[in-house]
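Heads up, the thing below is written out as structure tokens.
The values are calculated or read from the model by the stated rules, or taken from the named source; none is laboratory data. Predicted, not measured: the structure shown is a model, and the values here were computed from it. FYI the Cβ positions are ideal-geometry reconstructions off the backbone, even for glycines, and counts take in every protein chain you see.
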Amino acid sequence: MKFIWLFCCYTALVLGQNQYTKDYFRSPLDVPLQLSGNFGELRPNHFHSGFDFKTQKKEGFPVYAVADGYISRIKIAENGYGKAIYINHPNGYTSVYGHLQSGFGEVEKLIKREQYKAKSYEIDVSFSPNDLSVKKDEVIAISGNTGGSDGPHLHFEIRNTQSEKIINPMYFGFDELLKDSKRPILNSLMVYPLGQNSVVNQSKRPIAVSISQQADGSYIAEKVMVSGKIGFGITTIDYDDVSWNANGIFRVQTFLNGKTDFRYHFDTFSFDETRYVNALIDYGRYKKIGQRVQKLFAENPYPLSIIQPGNNNGIISITSNANQNYKIEIADFSENLTRVFIPIAFEPMAVKVNEEPITSKYWVKTNKENIFSVENVTVTIPANAFLKDFSMDFEVKNGLLHLHDDVEPAFANMTITFEDSLSSEKDRPKMFIGSIDGKKIYYYNTKRYKNSFTVYSKYLGDYKLFKDSMPPKIKIDKKIGGQWISQQETLQFTISDDLSGIKSYEGKLNGQWILLEYDPKTKKLIHRFLDGIVAEGKNDLKIVVTDNVGNSTIFETQFFRSQKP
């Protein structure tokens with residue numbers, strides 16, 4: 001049986017390399033499909049890797065296996081996809097279902113068995129083809145809102161099983177379920193002077209270009225007056241016919257004087273490259289004002305497979321009196337097109353808006369390792385962590401490290417080290433390095449050697465060495481001490497920590513480990529009596545919650561419960 005399965009997988013991979021089967025997969029839901037997020041959509045630090053299907057703003061819908069296969073992986077996490085199920089199919093693809101409330105039937109039994117085996121809510125377990133097979137149309141789970149979900153929905157993906165690359169589900173026939181007759185919308189057009197001597201419309205800084213929409217749906221931009229090198233950027237959204245909210249586009253293609261130039265489309269990519277969303281967008285503008293401008297050029301090329309950069313990486317040189325014609329095509333998967341026409345003319349002009357002044361004496365050179373030290377703080381930046389050289393603000397004041405503003409994206413970890421000569425050895429185990437964003441403090445996993453504290457981070461910003469001596473808080477939602485609670489289905493607690501954050505939690509009933517489900521969004525910790533651990537009559541309960549530096553709080557009580565009908 002195992003040999004037959006492997007043979008089928010191999011055959012499907014060979015035959016399916018150049019085309020996708022449109023009618024192999026069914027919908028994972030029986031409700032009419034609507035998207036709250038589509039494939040490749042621009043998200044913080046990543047491209048969206050699948051579809052987010054709306055579930056009518058509520059949980060509890062049956063989730064179906066989209067084709068025959070077997071449960072190949074179950075991953076339960078407090079963040080990310082939350083409760084997620086992976087199914088390998090004999091056609092060489094894997095379907096993924098995330099943010100689930102629970103598994104269903106034998107799948108839920110498998111989840112509980114693995115959690116109790118590991119004595120952990122969070123698990124990541126792989127399975128063989130013989131462990132649990134499923135059939136197309138079989139209910140495998142219940143939709144939910146677990147993990148890093150902002151509201152009830154189903155996250156759905158299709159991956160190549162062998163390469164693990166994510167593939168746009170539209171290729172598998174989902175375009176028939178998500179009809180789209182609407183053109184993408186261009187919200188704004190930006191032009192970027194590139195290079196020390198470039199000027200655009202009397203500016204050496206990026207500026208917006210006025211656009212006007214025509215009767216046929218296309219856009220015409222005002223003439224761009226240039227000397228030197230430039231690149232363009234756009235903000236754009238798309239609507240389909242059924243989802244009623246803005247999503248990302250599928251394809252962008254540019255043309256210079258009729259010849260294809262810089263282009264990209266969201267067909268497939270790997271998880272290893274998804275952080276390069278921060279290179280595709282104007283990262284500094286996004287961090288400052290929240291606007292994601294998609295750059296149609298790469299001043300410093302980066303390894304993102306969805307891009308075909310053209311001959312000059314989308315960079316346009318305007319150095320003579322010859323006018324240039326630039327066109328942008330924006331398309332959704334259904335090939336609804338929006339065209340943007342931009343006339344460009346060479347015009348040396350007096351500069352009215354200069355580049356931002358350089359005020360720092362520190363320079364990051366991207367092609368070599370950079371080491372900066374001030375007072376008790378050392379920052380090491382490896383070669384090629386950033387895509388370009390830049391002047392970096394770097395200072396330490398009253399124990400606070402200001403490591404520039406977070407306006408340049410990093411693609412490798414920087415090493416940040418604080419030396420501490422003031423605290424006692426007794427206090428140091430309770431200390432950590434945290435980043436500061438406004439009033440929020442974010443814990444970083446901190447390594448300590450004697451009086452030296454080190455973290456690894458891909459983010460510029462503010463950092464400080466903190467001491468956390470306060471234990472977490474545990475509050476039971478409904479008092480049960482000494483009471484009969486035979487009608488209750490769950491035990492629920494609210495847990496929190498004011499500084500370093502929750503690291504672990506453990507519950508025991510009558511000395512036996514019990515499963516506690518934790519949702520960081522609501523700070524709720526829940527045990528379900530259906531797990532069958534509770535005893536008839538008297539029960540002794542103990543909950544221990546520990547923060548990231550080892551402070552613990554213990555909650556103990558006794559209650560009574562009858563399981564008899």
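One line per residue, one yes/no per condition, for (1) within 22 Å of Q196 (Cβ to Cβ); (2) in contact with a Pro (Cβ under 8 Å, 6 or more places away or on another chain); (3) of a type outside the set (S, T, N, Q); (4) assigned to a loop (DSSP other than H, G, I, E, B):
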residue: I358; (1), (2), (3), (4): yes, no, yes, yes
residue: T366; (1), (2), (3), (4): yes, no, no, yes
residue: S373; (1), (2), (3), (4): no, no, no, no
residue: K388; (1), (2), (3), (4): yes, no, yes, yes
residue: S391; (1), (2), (3), (4): yes, no, no, no
residue: V396; (1), (2), (3), (4): no, no, yes, no
residue: E408; (1), (2), (3), (4): yes, no, yes, yes
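Reported count of residues in the stretch 336-348, each being part of a strand (DSSP E or B) and farther than 13 Å from A221 by Cα, is 3. Looking across the stretch 526-543, the residues that are part of a strand (DSSP E or B) and in contact (Cβ under 8 Å) with a residue 40 or more places away in the chain come down to L541, I543. Looking only at the stretch 208-242, residues that are touching a residue at least 60 places away in the same chain (Cβ under 8 Å) and among the small types (G, A, S) come to 7 in all. Looking only at the stretch 118-134, count how many residues are part of a loop (DSSP other than H, G, I, E, B) and of a type in the set (G, A, S). Residues flagged as part of a loop (DSSP other than H, G, I, E, B) and of a type in the set (G, A, S) within the stretch 118-134 amount to 2. The residue of the stretch 33-71 that is farthest from the chain's Cα centre (by Cα), among those that are within 16 Å of P169 (Cα to Cα) and either among the small types (G, A, S) or modelled with pLDDT under 95 (or both), is A67. All told, V191 meets the bar of being part of a strand (DSSP E or B), in the same structural domain as Y283 (by TED's automatic domain parsing) and of a type outside the set (D, E, K, R). As a summary of the residue check, N445 satisfies the conditions (1) over 30 Å from I533 (Cβ atoms); (2) within 22 Å of the chain's Cα centre (by Cα); (3) in a strand (DSSP E or B) except for the one numbered (3). Pairs are defined by a Cβ separation below 6 Å, a sequence spacing of at least 6 or placement on different chains, a first member in the stretch 451-468 that is closer than 12 Å to T415 by Cα, and a second member that is acidic (D, E); the pairs so defined are Y459/D406; L460/D406. The number of residues in the stretch 538-565 that are touching a Ser or Thr at 6+ places or on another chain (Cβ under 7 Å) and either farther than 13 Å from S504 by Cβ or not assigned by TED's automatic domain parsing to the domain that holds Q492 (or both) comes to 3. Scanning the stretch 448-483 for residues that are of a type in the set (A, V, I, L, M, F, W, C) and either surrounded by 16 or more Cβ atoms within 10 Å (Cβ to Cβ) or in a strand (DSSP E or B) (or both) returns F453, V455, L460, L465, F466, I474, I476, I480. Restricted to the stretch 15-32, and to residues that are touching a helix residue (DSSP H, G or I) at 6+ places or on another chain (Cβ under 9 Å) and modelled with pLDDT of 95 or more, which residue is surrounded by the fewest Cβ atoms within 10 Å (Cβ to Cβ)? Only one residue fits best here, namely S27. Restricting the stretch 305-335 to residues that are outside any strand (DSSP E or B) and either crowded, with 19+ Cβ neighbours inside 10 Å or assigned by TED's automatic domain parsing to the domain that holds F39 (or both) leaves a set whose member that is modelled with the lowest pLDDT is G310. Residue check: D498 meets all listed conditions (1) within 20 Å of D547 (Cβ to Cβ); (2) surrounded by 15 or more Cβ atoms within 10 Å (Cβ to Cβ) but one, namely (2). Residues being in a helix (DSSP H, G or I), of a type in the set (V, I, T) and within 28 Å of P184 (Cα to Cα) are represented in the stretch 278-290 by at least one member. Reported count of residues in the stretch 528-550, each being more than 29 Å from the chain's Cα centre (by Cα) and under 30 Å from D150 (Cα atoms), is 6.
Residue count for the stretch 194-214 under the criterion of being on the phi > 0 side of the Ramachandran plot and outside any strand (DSSP E or B): the result is 2. Is it true that N38 is among the polar types (S, T, N, Q) and either in contact with a helix residue (DSSP H, G or I) (Cβ under 6 Å, 6 or more places away or on another chain) or crowded, with 20+ Cβ neighbours inside 10 Å (or both)? Yes. Quick one: in the stretch 492-515, which of the residues that are within 30 Å of N445 (Cβ to Cβ) and of a type in the set (A, V, I, L, M) is nearest to the chain's Cα centre (by Cα)? Among them, the one singled out is I502.
Does at least one position in the stretch 107-124 carry a residue that is touching a Lys or Arg at 6+ places or on another chain (Cβ under 7 Å) and either closer than 23 Å to D68 by Cα or not assigned by TED's automatic domain parsing to the domain that holds Y24 (or both)? Yes, there is a match, as at least one residue in the stretch 107-124 is touching a Lys or Arg at 6+ places or on another chain (Cβ under 7 Å) and either closer than 23 Å to D68 by Cα or not assigned by TED's automatic domain parsing to the domain that holds Y24 (or both).
Would you check if there is a residue in the stretch 176-198 being surrounded by fewer than 17 Cβ atoms within 10 Å (Cβ to Cβ), among the polar types (S, T, N, Q) and touching a residue at least 60 places away in the same chain (Cβ under 8 Å)? The answer is yes; a qualifying residue exists.
Taking the stretch 28-67 as the range and being more than 18 Å from I142 (Cα to Cα) and not hydrophobic (A, V, I, L, M, F, W, C) as the test, the residues that pass are S36, G37, N38, G40, E41, R43, P44, N45, H46, H48, S49, G50. Of the candidates I207, I211, the single residue that is at pLDDT 95 or above, surrounded by fewer than 17 Cβ atoms within 10 Å (Cβ to Cβ) and assigned by TED's automatic domain parsing to the domain that holds F341 is I207.
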